[in-house]
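Presented below is the structure to which this report refers.
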Amino acid sequence: MSTPNDRAPGTSPHSAPGEPVIPFVNWGGMQALYVKEVRRFFKVQLQTVWAPAFTSLLLLVVFTVALGSGKRMVLGHPFADFIAPGMIIMAMMNAAFAHSSFTFLAGKMQGTIVDYLMPPISNLELMVALVGSAVTRALCVGLAVWGVMALLPGVHVTVREPLAVLWFGLMGSLLLAFLGTLTSIWADKFDHAAAITNFIVQPMSLLSGTFYSVDALHGAFRTASHLNPFFYVISGFRYGFLGTSDSPLMTGALALLGVNLVLGFLCYRLLVSGWKLRA
């Protein structure tokens, strides 16, 4: 076994200049950033996890009482069963956006952006850790909302197609995680992020068919709904619970995959360029 004293004369125990110490993937650094981000939202889980579950439960009760009386049926299912899956995935998507849109923006406002830019991890590793933590928060919120709704009398949220639930849940969470990351890179103050939430995310969520079937729409309204990627997330995720859908599942699955690839590539390119992040 060789020892430090066995080194050739004139050699240094340190790596030569320019020689990579971590030649491939910095798993340790990526894991540390991911755990740090997960711990960040878990420290205030009453606000980040359980508050969305409580809000979704209140919305379900209000809409069921206001619109679901008289055993109203939508797509052959009770109204409460119809809107419950959409509210679960909508809460997940909002949680993913809230998490990822806060990361870089908070660093800019607090002067701690260097904590994300200086560690020895690549831009791809940085993006994977941040987006992964946003998806984790979305999963926690989804499980909390599902658990609360499962305890509500008269509401059935039994999973029938697990693959559909997993795929569209993942695609929807990634979609908003990437969109939130882009917002966090672009925004210079919290008003900018709030503008994206109020004028893009919330309208697309509410007009995605969460509380109604798109089949009931006509003309331009129906066409506009089919151009909304949120619609395919809601419809595909609902199919996993009800076994029926008002959109082509394969079309939606592939379209969401394509949109996420484009948004992910855009996030990566912006991180590489350092736009609005590095001086």
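Whenever a residue of the stretch 80-109 is closer than 12 Å to Val145 by Cα, its partners that are crowded, with 23+ Cβ neighbours inside 10 Å and of a type in the set (D, E, K, R), lying with C-beta atoms within less than 9 angstrom and at least six residues away or across chains, give the pairs Ala84/Arg238; Pro85/Arg238; Gly86/Arg238; Ile89/Arg238; Met92/Arg137; Ala95/Arg137. Take Phe178 and decide whether it is at pLDDT below 95, surrounded by 22 or more Cβ atoms within 10 Å (Cβ to Cβ) and either in contact with a Leu (Cβ under 7 Å, 6 or more places away or on another chain) or over 29 Å from Thr244 (Cα atoms) (or both). Judged against the criteria, Phe178 is not a match.
With the condition kept exactly as written, say whether any residue in the stretch 248-258 is modelled with pLDDT of 90 or more and on the phi > 0 side of the Ramachandran plot. Within the stretch 248-258, not a single residue is modelled with pLDDT of 90 or more and on the phi > 0 side of the Ramachandran plot.
Please specify each residue of the stretch 241-255 satisfying the condition of being closer than 12 Å to Ala164 by Cβ and of a type outside the set (Gly, Ala, Ser). Matches in the stretch 241-255: Phe241, Leu242, Thr244, Leu249, Met250. Quick one: is Trp146 farther than 16 Å from Phe42 by Cβ, without any contact (Cβ under 8 Å) to a residue 60 or more places away in the chain, buried (at least 18 other Cβ atoms within 10 Å of the Cβ) and among the aromatic types (Phe, Trp, Tyr)? For Trp146, the condition - farther than 16 Å from Phe42 by Cβ, without any contact (Cβ under 8 Å) to a residue 60 or more places away in the chain, buried (at least 18 other Cβ atoms within 10 Å of the Cβ) and among the aromatic types (Phe, Trp, Tyr) - is met.
In the stretch 233-252, the condition of being acidic (Asp, Glu) and part of a helix (DSSP H, G or I) is met by no residue. A single member of Ala220, Ala150 is at pLDDT below 95, in contact with a His (Cβ under 9 Å, 6 or more places away or on another chain) and more than 18 Å from Ala106 (Cβ to Cβ), and it is Ala150.
Before we move on, is Met127 touching a Cys at 6+ places or on another chain (Cβ under 9 Å) and either closer than 16 Å to Val38 by Cβ or in a helix (DSSP H, G or I) (or both)?
Details: touching a Cys at 6+ places or on another chain (Cβ under 9 Å): yes; either closer than 16 Å to Val38 by Cβ or in a helix (DSSP H, G or I) (or both): yes.
Considered against the rule, which asks whether it is touching a Cys at 6+ places or on another chain (Cβ under 9 Å) and either closer than 16 Å to Val38 by Cβ or in a helix (DSSP H, G or I) (or both), Met127 comes out as yes.
In the set Gly274, Gly240, only one residue is farther than 22 Å from Val159 by Cβ and out of contact with any Pro (no Cβ under 6 Å at 6 or more places or on another chain); that residue is Gly274.
The values are calculated or read from the model by the stated rules, or taken from the named source; none is laboratory data. All figures in this text were calculated on a predicted structure; none of them were measured in a lab. Positions of Cβ are backbone-derived with ideal geometry, glycine not excepted, and every protein chain shown enters the neighbour counts.
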